[in-house]
Amino acid sequence: MEQQHLEEPISKFASRDFTALAEDLTVAGALAQIRERGVAQQIIYFYVVDGEQRLTGVVPTRRLLAAAPEARRGDIMITRVVTVPETATVLEACEMFLLHKFLAFPVVTAERRMTGVVNVGLFTEEALELSERSHLDDVFERIGFRVAEVQSASPLKAFRLRFPWLLATLGGGVGCALLAGLYEATLATSIILAFFLAMVLGLSESVSAQSVTVTAEALNKLTPDRKWLLRALRKEFFTALMLGGACGTIVWLVAWLWRGHALPALVIGGSIAISMVVSCLIGLLVPAVLHRLKLDPKIAAGPVSLAAADIFTLLVYLNLATFVL
């Protein structure tokens, strides 16, 4: 099964070969029904349905065979059944196998009527049919293996996984403070620059975070190559150009009308436009590079991208102000 099939509906791959038993039967009656009607090719669980064919419980094969013949079906069945909605994707079904460790799941409608069964073979096929190890890693990453690893980790292990990447944010913040100190005279010359510094950095961080999110989602659905990267860079550049131009124009107009100084306002608006374009590209390139290096972009890309965007934005802002003013 190709990776693009992970987004197809699970109902397309669910087996219609399952055994459903009425909930009012005794164990003896259930076994008689099984002998009369036959059973599914793979006997993992027996599913219990009511008079309207809605799923009410599940009975593992061993529990059915070990129960007393006179026991009622409702007394031995498990009523809290984990199901897969028929609207779910193959990817979401694979996540269920990782999270719950069951051998099969019933596929149900919104009214809990069974339409099929999906067994663990679907999950193993997704992994084993991929010949290259790198592709296998991509599939496990997509179906939540690394997320589950982080979620189930101890506090100490979670700290070790996350803290190194937060050092990038700490480093970026210290770097920005040192840079601002070097341009103290520039900031003192035009106080309006200090008023808008937080906004300039905030816009740059926001647009970089947006690009990181979009890129990380795209990397979940494909194996990036040179052609994809060039196409993504071109698209992100033109998008960032419009975003930066719009935000820069608005802030320039606000600064000009507020303080009445056209040149400092132009520096602020121009810095926003330039820094937003580059921050967008940073938000695209950092997750792509981390993915290429087999590092998890979900954890690392945000802090690294924001730190790089902050430093570049401050350099543009203060250098442009020094040159123009």
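The values are calculated or read from the model by the stated rules, or taken from the named source; none is laboratory data. Please read all numbers here as calculations on a predicted model, not as lab measurements. All Cβ positions, even for glycine, are placed from backbone atoms using ideal geometry, and neighbour counts span all protein chains on display.
Step by step: first the residues of region 83-98, then only those that are assigned to a loop (DSSP other than H, G, I, E, B) and hydroxyl-bearing (Ser, Thr, Tyr), then the one that is surrounded by the fewest Cβ atoms within 10 Å (Cβ to Cβ). Which residue is that? The extreme case among them is Thr87. Selection of region 226-248 for residues being surrounded by fewer than 14 Cβ atoms within 10 Å (Cβ to Cβ) and modelled with pLDDT of 85 or more yields Leu230, Arg231, Arg234, Lys235, Phe238, Met242, Ala246. Just one of (1) part of a helix (DSSP H, G or I); (2) modelled with pLDDT under 85 fails for Thr223. It is (1). Go through region 259-273 and give me each residue that's without any contact (Cβ under 8 Å) to a residue 40 or more places away in the chain and either closer than 15 Å to Leu197 by Cβ or not in a helix (DSSP H, G or I) (or both). Gly260, Gly269, listed by residue number.
Of a type outside the set (Gly, Ala, Ser) and either at pLDDT 70 or above or more than 30 Å from Ala32 (Cα to Cα) (or both): is that true of Arg73 in this structure? The answer is no for Arg73.
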